[in-house]
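The values are calculated or read from the model by the stated rules, or taken from the named source; none is laboratory data. None of these values were measured; they are calculated from a predicted model. Here the Cβ positions follow ideal geometry from the backbone for every residue, glycine too, while neighbour counts run over all protein chains shown.
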């Protein structure tokens, strides 16, 4: 693999992990039995015994295989009860295909829901592509048609990963789709920052599937990369089958845009060798057999035909605004900078960047992004371009919803872009405040929900604004709405990942991140203090009063920490009954005073609640370390605070020990190793 490919793979990995709720290795989309079957695909030494053993470990699969071999299709004189004999009769190839299908299908059915991403429709697409791919492979004399079948079955696995484990799901993506004219891959990259093929690639690498299957999953929409060039035949076959499936209305979802047929496909496959009519008839029979095998009703020809009609209509309407006639389609072709995906999930980065791109494209004198504040029921100016637009006088520019009327109210209610001038609305609050004669207001939407309002004017140049601008701005505002929605969802997920659920303080991971950032700037470490807080005899409290009382004690300590901590300092639950604080701009006296306020408040609250805790005294032991140049990183400082906290426990609990006392003791000629002797 070249350095460039390696760098690209690392970027894709990073993007994949950022969009998923958990590590890929923990995703159970394919059962362990299916993984073993896939790995057998590349093993020349595989015997029937190996296959039989795997099937015997999956009861549902074993029943299906026995049912198949005992069906009327085989007309056997005696009933078959042995899996090994069933495999012998059906044939290794047939059984392996049926097994992989069923194991994959069972996972889909377990996750089935009434979401926009229809898993049954997706399953039908995967089966169709797999079956057609295998039929084509046979005609082209490929040495392993079963391998091609498996690649076809799994080619869109990335969509399932995103649907099942994405922070935002594939259903969310489908609901966000509009008639933008972009390919599905482009839209995926805009929405997720990664395509389903790239996500599938990462998934297959993590699960160590055969290289040929990885190549098909990763490259079925692209020209084969150098590292997968030797699998170009396999990739081409599945790509062609995927294209044929779409043409017949059998896409993996009912929104799919028209897939592109890569030149490499036609260069690799001699289409003249294929009798497409015969192939399609054979695949239709395969699909009928599959329905009988699973006893399910797949979407029929009428449904598929309707899906294809809808997709074709969508293609014919590409570029038309959602609320405008196709004849009103703007002539201007937008700059690529306006249609690039919002790679950042930070509004402070992507909103100003979008405003700047709009400025470059349309040459507005100024543009402003207004956010909706639902609690205060007002529009708030949050970002402006050029950067000098929101001067000190406009920094707190707000418009109460109750004050809005006329066309601007129409913009908010009807969610339509408008152009407002002083001839129509002389008393408009924005015209008065921004001292302009005309402005454009465009709703920023996501799922038809108002996320904000985009404003633009030509207050200096006095250049008039034509209705054509409304058509040209709407697609940009729509993409901005998606980006803002994704940013909010990400922020919620991020906050959830940073917060301890019980105490609502930062968790250990967030505290370590905070300390890592602090220790990156050595010049600011001189006045840093770290403190460990441990609830005394917490196990005894739990055992005596129950876990609910223990949880209440943790919440009490958290509330007191929250009430006594300055903005800019960090507090969190470090694990179990341990809390940790990080103080900036303090000295030993300040750190000790802060710790003493915490200790005394907790002791006082504990006395008030002694009856609730069956006479158990709620107290804490606190150890503090101040920054010392000898510390290599924050772990050394944590260790010093931890040692100090254990000394506080060993000396009687309900007290504070400064780490400097521990350091002095350790450096003395008669130093004693401080081994913790108190468990809680």
Tell me whether region 648-660 contains one or more residues that are over 43 Å from the mean Cα position of the chain (by Cα), modelled with pLDDT under 85 and assigned by TED's automatic domain parsing to the domain that holds residue 556.
yes
Among the residues of region 608-628, which ones are over 43 Å from the mean Cα position of the chain (by Cα) and farther than 15 Å from residue 537 by Cα?
608, 609, 611, 612
Can you find, within region 461-481, the residue that is nearest to residue 345 (Cα to Cα) among those that are surrounded by 12 or more Cβ atoms within 10 Å (Cβ to Cβ) and out of contact with any strand residue (DSSP E or B) (no Cβ under 9 Å at 6 or more places or on another chain)?
479
What residue, among those in region 205-217 that are touching a helix residue (DSSP H, G or I) at 6+ places or on another chain (Cβ under 6 Å) and under 23 Å from residue 262 (Cα atoms), is surrounded by the most Cβ atoms within 10 Å (Cβ to Cβ)?
216
Among 576, 572, which is in contact (Cβ under 8 Å) with a residue 60 or more places away in the chain and within 22 Å of residue 646 (Cα to Cα)?
572
In this structure, does residue 522 turn out to be surrounded by fewer than 14 Cβ atoms within 10 Å (Cβ to Cβ) and on the phi > 0 side of the Ramachandran plot?
no
I'd like to check something: does region 479-486 contain any residue that is part of a loop (DSSP other than H, G, I, E, B) and farther than 30 Å from residue 571 by Cβ?
no
Sort out for me the strands (runs of 3 or more DSSP E) sitting completely within region 369-478 that have 2 or more residues that are touching a residue at least 40 places away in the same chain (Cβ under 8 Å) and closer than 26 Å to residue 173 by Cβ.
438-446, 449-457
Any residue at all in region 417-432 that is assigned by TED's automatic domain parsing to the domain that holds residue 481 and closer than 16 Å to residue 359 by Cα?
no
Give just the number: which of (1) surrounded by 15 or more Cβ atoms within 10 Å (Cβ to Cβ); (2) modelled with pLDDT under 75 does residue 121 not satisfy?
(2)
From (1) touching a residue at least 12 places away in the same chain (Cβ under 8 Å); (2) closer than 17 Å to residue 446 by Cα, pick out the condition that doesn't hold for residue 502.
(2)
I need the full set of residues from region 499-525 which are at pLDDT 80 or above and assigned to a helix (DSSP H, G or I), in order please.
508, 509, 510, 511, 512, 513, 514, 515, 516, 517, 518, 519
